[in-house]
1. More than 18 Å apart: what percent of Cα pairs in the stretch 1-79 qualify?
2. Picking from THR101, VAL62, ASN186, whose Cα lies most toward the positive end of the charge dipole for the chain (charges on Cβ: Lys, Arg +1; Asp, Glu -1)?
3. Among LEU4, ILE52, LEU23, which residue has its Cα furthest toward the positive end of the charge dipole of the stretch 1-59, with +1 on Lys/Arg Cβ and -1 on Asp/Glu Cβ?
4. Please report the Cα spread of the stretch 130-188 along all three principal axes, rounded to whole Å, starting with the longest.
5. Under a point-charge model restricted to the Cβ atoms of Lys and Arg (+1) and Asp and Glu (-1), what is the dipole moment magnitude of the chain relative to its Cα centre, in debye to the nearest 20?
6. Identify the GluC sites (Glu not before Pro) of the stretch 30-105 meeting these criteria: DSSP loop state and at most 14 other C-beta atoms within 10 Å of the C-beta.
7. Let me have the relative contact order for the chain, percent, based on Cα pairs under 8 Å that are six or more residues apart.
8. What is the diffusion coefficient of the chain in µm²/s, taking the Kirkwood radius over Cα pairs and the Stokes-Einstein relation at 25 °C with a viscosity of 0.890 mPa s?
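The values are calculated or read from the model by the stated rules, or taken from the named source; none is laboratory data. Please read these numbers as outputs of a predicted model, since none were measured by experiment. Note that we place each Cβ from the backbone using ideal geometry, even for glycine, and neighbour counts take in every protein chain shown. Just so you know, the surface numbers come from the protein's heavy atoms only, side chains and all, with ligands and any DNA or RNA stripped out. Shrake-Rupley method; radii C 1.70, N 1.55, O 1.52, S 1.80 Å.
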Amino acid sequence: MNQLLYKFNEYKSIANYQMEYELDNGDTIKVKLRQTDFPHLIGLHKLIDIPIIRQFNDKSNVTVSAKFIISKIKREQLLTENVIKHSNYFNLISKRYEHFTKDNILSLSYTDALIDFNADLICSSLKSKYILFEKKEQGYNHLCIAQSIKATKYVESFFYNSTDLYIRNQKLIKVKKIKIYDSKGNIYMEDLL
């Protein structure tokens, strides 16, 4: 089976889930998983030798949007697991691709602490304000939450890193309460930590 399509369908089943975190420092974070975030979260934007991805990365190209990329994945046209694995840049996303599962995203979402992320400490280009993290195998899965100019929080990135680079020397904030709502607005999970 085309694992890229499988991963999309799995992510689609949790698209529009909303996570709410009440933090020890008084902050509240609300973020929604959007279906159109899939191409970026799984790392397709890094596969710049694939023509449709080059077009997707070109901000002046209004035709090749996230929805367009998703339509090609769903139809298994131009973007399949076979195509992306033959990219010269696949090694940049191979661990992210391997770890990108519904279970890993939901497991990451259920956390008792998160990072108040300072990108300057590691010279990172991430715009994220917060990073959810979870130990996996010999490294960590990360779900990064950024904030737009309008103060709306969004999921910026998902990745796996074999070290604690994105965690070390960062400020850790305890989560007091977590609620996850399904796509219909029903409470999927709620816990006081």
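1. The calculated P(r) of the stretch 1-79 puts 48 percent of pairs beyond 18 Å.
2. Of the candidates, VAL62 comes out farthest on the positive side.
3. Comparing the listed Cα positions along the dipole, ILE52 ranks first.
4. 36, 29, 22
5. Dipole about the Cα centre, nearest 20: 540 debye.
6. In loop regions of the stretch 30-105 (DSSP not H, G, I, E or B), the sparsely surrounded GluC sites (Glu not before Pro) are GLU76.
7. About 25 percent, as a whole number.
8. D = 141 µm²/s.
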